[in-house]
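Remarks on the structure that follows.
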Amino acid sequence: MKVLVAGATGKTGLRLVKELKARGHDPIALVRDSSDTSALPEDVELRHGDLADLHYTVCNSCDAVIFAAGSGNSTGPEMTDKIDRDGAQRLTDLAVQSQVSRFVMLSTVGADNPDVDHKLAHYLQAKHDADEHLKASGLAYAIVRPVALTEEDGDRDIKLGDDVDVEAKAARGDVAFVLANALEDSGWTGKALLMQSA
């Protein structure tokens, strides 16, 4: 599949691009003009675009989209809304317009029912809104909600769904692996599942 990856130069996105290539897919990295693309595989196609201002053709010729982007820990509420909520929603709408067959969303634990008293309440609400927009889009979707992320590659010993300990950790390498699985496995369709590294 030709897969547009939003967040392709991020810590999880880089792993995801390599995972997709290893599985024989054709990842297309959605990158800003200012993005450092040096860590991406040399033969990966780059498609320039900013999640805060996406061009309507960004999903053209793509079979699937994976949203693995994030505004980051150091940005304020305005950028969280622009990227994690509005950017994800706009990309969802453009995927619908381009008749993309599948959309996989990297979400987070707590996005299903945001806690207004949580220290990340604004972020959780933004992710919730993005997830709900995707669910209502009519696209075949899958939503992956990892617990707290670590920089490790992980060993692919993974728990999903109700077995997940929300206080556990999720290695970014394992997250990339699960995102690729959610792309390929029709059993993920229409599901939003928690995940952790076991």
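The values are calculated or read from the model by the stated rules, or taken from the named source; none is laboratory data. Owing to the predicted nature of the structure, the values given are computational and were not obtained by experimental measurement. Positions of Cβ are generated from backbone atoms using ideal geometry, with glycine treated the same way; all protein chains shown enter the neighbour counts. What goes into the accessible areas is simple: the full protein's heavy atoms, side chains included, and nothing from ligands, DNA or RNA. Shrake-Rupley method; radii C 1.70, N 1.55, O 1.52, S 1.80 Å.
Collect the residues in region 173-198 that are within 15 Å of the chain's Cα centre (by Cα), of a type in the set (D, E, K, R) and either modelled with pLDDT under 95 or open to solvent by 40 Å² or more (accessible area, probe 1.4 Å) (or both), keeping them in residue-number order. Once the filter is applied, which keeps residues that are within 15 Å of the chain's Cα centre (by Cα), of a type in the set (D, E, K, R) and either modelled with pLDDT under 95 or open to solvent by 40 Å² or more (accessible area, probe 1.4 Å) (or both), region 173-198 yields Glu184, Lys191. Considered as a group, the residues in region 121-165 that are at pLDDT 95 or above, among the small types (Gly, Ala, Ser) and within 10 Å of Ala111 (Cα to Cα) include one that is farthest from the chain's Cα centre (by Cα), and that residue is Ala126.
Among residues of region 71-86 being open to solvent by 50 Å² or more (accessible area, probe 1.4 Å) and in contact with a helix residue (DSSP H, G or I) (Cβ under 6 Å, 6 or more places away or on another chain), the one that is farthest from Val5 (Cα to Cα) is Pro77. Taking the criterion of being assigned to a loop (DSSP other than H, G, I, E, B) and under 17 Å from Ala95 (Cβ atoms), the residues of region 1-51 that qualify are Met1, Gly7, Ala8, His25, Gly49, Leu51. Hey, can you tell me all the residues within region 52-71 that are touching a residue at least 60 places away in the same chain (Cβ under 8 Å) and not in a loop (DSSP other than H, G, I, E, B)? Hits for region 52-71 are Ala64, Val65, Ile66, Phe67.
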